[in-house]
Amino acid sequence: MTSGENLASMGVVTNVTAPRAPDLDLAVQAADAAALAAGVSVREVLDLQELGLVVDLFATIWGRDENPPVTLELLRAFTKAGNYVGGAFEGGRLVGACVGFFHAPAEDALHSHIAGVSSTAVGRSVGFALKLHQRSWALLRGVSEIAWTYDPLVSRNAHFNLVKLGALPAEYLPNFYGAMPDRINGADDSDRLLVRWPLRSAEVQAAASGDAVREPVGPNAVVALSVGPDGLPVRGRLDGDTSLVAVPADIETLRRVDPQAAQQWRHAVREVLTELVADGSRITGFDRTGGYVVRRTPDPLRDGALR
């Protein structure tokens, strides 16, 4: 009996690593490929100085130097307790980061609380690389789902979350965080759409390989909310089996130049989506031209989406 075998028989963890399951290897390979394509190195952030870089990055992105979205003390506690802080580095410079913490033990999930990419690295799929690293990190720890929230008015995030990543809408949360007076949220209500990311599903595995999850709209879709000639929301019919709910092309700019118009969009999207869901429909995808795809007929292949 070797010393390693003897230690293992006594329940002591050794440096002998059991072979990983094939799906775990694929998850790690997909994360590595995404990081390579984005031109970054993505890894856990544990060092105190580098955790400070995460705090500074988020403070810059959200324009909250005096009241950053996360604090150094909180991140230090998160990592000590085994939660997730990941960073995307270009050379020695941090250009993106993502922070998550575990749900209650029975829920088998990680909540991805905040993620952001520096303006100097936008458009290179750094966010995609961060999420795939987070996915592989979670799978290697036996976690099968990641959940997070995003502003349903931000069209690029809707496409990223529901199409590029294959996450499933689960719940509409009106004014979830309360007032968030920062560069991104302005004075708007902080409505959020909660999504769940089943890490081992066929759709998510395909998305991780670059095969985006596109929801076919079909020719009979009814426009429940559209963009009028003046750029404001126009309410349509809510009686279709498939409905399209539009969002503004750039809500963040709209908040700065016309806060009242932005508020009209917030209320219109909130009302239409919640009314459709209350009537038995669910969000099943996002179309860049028409907006959210909402279906009345249940789809067993994507069961668990917002209903």
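The values are calculated or read from the model by the stated rules, or taken from the named source; none is laboratory data. What you see is a predicted model; the values in this text were computed from it and never measured. Cβ: placed from backbone, ideal geometry, glycine included. Neighbour counts: every protein chain shown.
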- Message: Being hydroxyl-bearing (Ser, Thr, Tyr), crowded, with 21+ Cβ neighbours inside 10 Å, in contact (Cβ under 8 Å) with a residue 24 or more places away in the chain and closer than 21 Å to Ala207 by Cα: is that true of Ser155 here?
- Response: no
- Task: From (1) under 14 Å from Ala158 (Cβ atoms); (2) assigned to a loop (DSSP other than H, G, I, E, B), pick out the condition that doesn't hold for Leu244.
- Result: (2)
- Message: at positive phi, out of contact with any helix residue (DSSP H, G or I) (no Cβ under 8 Å at 6 or more places or on another chain), surrounded by fewer than 23 Cβ atoms within 10 Å (Cβ to Cβ) and not aliphatic (A, V, I, L, M): is that true of Gly186 in this structure?
- Response: no
- Message: Within region 249-267, take every residue that is over 23 Å from the mean Cα position of the chain (by Cα) and of a type in the set (A, V, I, L, M) and give me the one that is surrounded by the fewest Cβ atoms within 10 Å (Cβ to Cβ).
- Response: Val257
- Considering Leu46, Leu36, Leu51, which residue is surrounded by 15 or more Cβ atoms within 10 Å (Cβ to Cβ), at pLDDT 85 or above and not hydroxyl-bearing (Ser, Thr, Tyr)? Leu51
- Determine which single condition Lys131 fails, assuming it passes every other condition in (1) surrounded by 21 or more Cβ atoms within 10 Å (Cβ to Cβ); (2) under 18 Å from Val294 (Cβ atoms). (2)
- Query: Which of the strands (runs of 3 or more DSSP E) contained wholly in region 104-204 include at least 2 residues that are within 24 Å of Gln263 (Cβ to Cβ) and modelled with pLDDT of 95 or more?
  - Reply: 145-150, 168-173, 192-198
- Does Phe89 meet the test of being over 25 Å from Glu203 (Cα atoms) and part of a helix (DSSP H, G or I)? no
- Task: Among the numbered conditions (1) more than 26 Å from Gly100 (Cα to Cα); (2) in the same structural domain as Pro169 (by TED's automatic domain parsing); (3) not basic (Lys, Arg), tell me where Leu194 comes up short.
- Result: (1)
- Task: Please name all residue pairs, on different chains or six or more residues apart, with Cβ atoms under 8 Å, provided the first residue is in region 52-72 and is free of Cβ contacts under 8 Å to residues at least 12 places away in the same chain and the second residue is surrounded by fewer than 19 Cβ atoms within 10 Å (Cβ to Cβ) and among the basic types (Lys, Arg).
- Result: none
